[in-house]
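Readers should treat all values here as calculations from the given coordinates under stated rules, not as data from a laboratory. Since this is a predicted model, take the numbers as computed values, not measurements. No Cβ is skipped: glycine too gets one built from the backbone with ideal geometry, and neighbour counts run over all protein chains shown.
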Amino acid sequence: MNRWTPDAIWIERDEDASVLARRLLARLPDTPVHIVGDPREAEPLDGFGAGKRRLVVQRHRGSFLQHCPAGTTGMVCCNYLVMNFAANCPFDCSYCFLQDYLANNPALKVFTNVGEGLAELDAALRRHPERTFRVGTGELADSLALDHLTDLSCELVPFFAARSNAVLELKTKSDCIDNLLRLDPKERVVVSWSVNAETIVADEEHGAASLEARITAAERVQAAGYKVGFHFDPLIAHDGWEEGYPATIAKLFRRLDTRRVAWVSLGSLRMTPRLKAAIKARPQKSGVVTGELVPGADGKERLWRGLRVQMYRRMLEWLRSVDDRMPLYICMEPPGVWEKTFGEVPADRQVAERLVAGSA
Ligand code: SF4
């Protein structure tokens, strides 16, 4: 896969001597550089797509450690924490929620003060030695798509490998795993891929690694000692989904060891009015905004419940026929959908415990 590089770099004044800025300048010697007093000067006037072409290097303001938004809105929660060491993503999936979430702030950012983020996390882990934390870096960014430039994984993997009450999830649609192969995760890091039916990958996930490349990368990190995870999220009710999804499941697990799979999640497309408008305004036509969408407790529209549950149940059937011991969960769904899909509504704490058990 071609590795992404920016058209220009914008560095916040005072951060140009940071380790990250110096690393980027050494790796991108021919890329134009602007030093700016206020990183907002880098925000493009010409739209979301332009934002993905420029890299902003700046300090992160505020707390790094956040609770995943699913925990606040009447959805069953798996107690997931997110840390944002970057914002925005070089890929261009038609359905990406960042088109809404970062609409006013789209330049691709990497943060220089990673050490402060890790110190914040370290303090939280020490305050709660009785808990095991699941922490992900793939909420506002792809966890690995810029790793060939930033080497962020070289700081994160040793940090988690040295701790007994936290598991890191690196979530990606890239095959950027070279750094990981040189590190020892000591059972504390799960590398996970968002995957989909082949036709959705080809038509909607522009710039991301092919399904074949993602599977090859998963095979390689598994062989290097990592557990892996998969997210069928968003499931799209396209023509042929009942053939497309089992075909992807078969392709994945023909080559991967299911005993080294930490978790597989399922999620439905979640749509805000602004995201729907952004998808419709894209230059390439997208097939994801089809079918009847119904608003949920969190204000987001989803596929109507009957079809959602049918898709989840079929997915469970196909996944369990491969290996019924793989930990499975559904993401951002209310108790009623859990009940109809799994026949039970686990307490939030139980979901978290099962997933921690899958990763350890
Ligand atoms: S890989 Fe994820 S973050 Fe990147 S464009 Fe696609 S959906 Fe958005």
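Structure notes:
- Disulfide-incompatible cysteines by the Cβ rule (no partner under 4.7 Å) in the chain: 68, 77, 78, 89, 154, 176, 331
- The range 75-188, relative contact order in percent, only Cα pairs under 8 angstrom and at least six apart counted: 30
- Karplus-derived 3J(HN,Hα), 6.51/-1.76/1.60, for each residue of the range 314-320, Hz, glycine and proline x: 5, 4, 4, 4, 5, 5, 5
- Ranked list, fewest to most other Cβ atoms within 10 Å of each Cβ, for 116, 130: 130, 116
- Cross-link partners of residue 251 among lysines (Cα-Cα below 24 Å; sequence separation of 8 or more within a chain): 171, 173, 227
- Antiparallel %, DSSP beta bridges [both residues in the range 1-106], to 5: 25
- Cα-centre dipole for the range 218-337 with unit charges at Cβ (Lys and Arg positive, Asp and Glu negative), debye to 20: 340
- Amide proton proximity set for residue 206, modelled H, under 5 Å, gap of 5+: 92, 93, 94
- Close amide H partners of residue 190, meaning residues 5 or more places away or on another chain with modelled amide H under 5 Å apart, are 168, 169, 170.
- Each residue, residue 162 and residue 292, gets one label point 7 Å from its Cα in the Cβ direction; the gap between the two is 5.6 nm.
- Relative to the current alpha-carbon distance between residue 213 and residue 40, full extension at 0.36 nm per residue lengthens the span by 58.7 nm.
- Projected label distance in nm at residue 304 and residue 202, using a 7 Å step from Cα toward the beta-carbon: 3.1
- Percent RCO, i.e. relative contact order, over the chain, from Cα pairs under 8 Å lying at least 6 residues apart: 16
- Once C-alpha pairs closer than 8 Å and six or more residues apart are averaged by separation and normalised to the residue number of the range 219-343, the relative contact order reads 30 percent.
- Given R0 = 30 Å, the distance between the Cβ atoms of residue 31 and residue 282 translates into a calculated FRET efficiency of 0.65.
- Put simply, when 309-321, 157-169 are sorted by average Cβ atoms within 10 angstrom per residue, most first, you get 157-169, 309-321.
- Each residue in 300, 109, 285, 52 was given a count of other beta-carbon atoms within 10 angstrom of its own, and listing them fewest first yields 285, 300, 52, 109.
- Here's the picture: charge each Lys and Arg Cβ at +1 and each Asp and Glu Cβ at -1 in the chain, and of 20, 334, 51 the one pushed furthest to the positive end of that dipole is 334.
- Among beta bridges that DSSP assigns inside the range 39-187, antiparallel share in %, nearest 5: 30
- For residue 60, the residues whose amide H sits under 5 Å from its own are 112, 113, ignoring neighbours fewer than 5 places away on the same chain, with H placed 1.01 Å from N.
- Label-point gap, in nm, between residue 61 and residue 186 - each point 7 angstrom along Cα→Cβ: 3.7
- Counting only Cβ charges, +1 for Lys and Arg and -1 for Asp and Glu, the dipole size of the chain around its Cα centre is about 460 debye.
- Take 288-295, 234-241 and order them by the average number of nearby Cβ atoms within 10 Å per residue, most first; the result is 234-241, 288-295.
- The DSSP beta bridges internal to the chain are antiparallel in roughly 20% of cases.
- Cα gyration tensor shape for the range 321-360, rounded if a/c is under 1.5, else prolate or oblate: oblate
- Electrostatic dipole magnitude of the range 102-249 [Cβ: Lys, Arg +1; Asp, Glu -1; Cα centre; debye, to 20]: 840
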